[in-house]
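What follows is one structure encoded as structure tokens, with my remarks underneath.
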Amino acid sequence: MNDDHAIAAEALEATLKHSELVSTMLASHDTAVDLLTSIVMEQSKAIGDLRARIRHLEQWHQSTGGGHG
């Protein structure tokens with residue numbers, strides 16, 4: 001019976017270590033998702049700013065006669 005207890009204890013310890021590893025991996029995954037979300041939001045803002053600048057330049061170009069002359 002003592003061997004059964006030792007095997008069960010080893011299996012439990014291995015399961016706990018696995019759970020800790022999975023928990024660490026999930027925390028790292030959440031951190032990576034947060035970082036990527038932040039990057040995407042910043043890039044979306046930059047794209048919006050570029051679009052506004054392009055519209056402004058197009059309006060300026062039209063108001064100056066389209067650059068002809």
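The values are calculated or read from the model by the stated rules, or taken from the named source; none is laboratory data. Nothing here was measured: the structure is a model prediction, and the numbers come from that model. All Cβ positions, even for glycine, are placed from backbone atoms using ideal geometry, and neighbour counts span all protein chains on display. To get the accessible areas, we keep the full protein, side chains included, count just its heavy atoms, and leave off ligands, DNA and RNA. Shrake-Rupley method; radii C 1.70, N 1.55, O 1.52, S 1.80 Å.
Structural remarks
- Within region 35-45, considering residues that are open to solvent by 100 Å² or more (accessible area, probe 1.4 Å) and of a type outside the set (S, T, N, Q), the one nearest to the chain's Cα centre (by Cα): Leu36
- Selection status of Gly48, small (Gly, Ala, Ser) and loosely packed, with under 10 Cβ neighbours inside 10 Å: no
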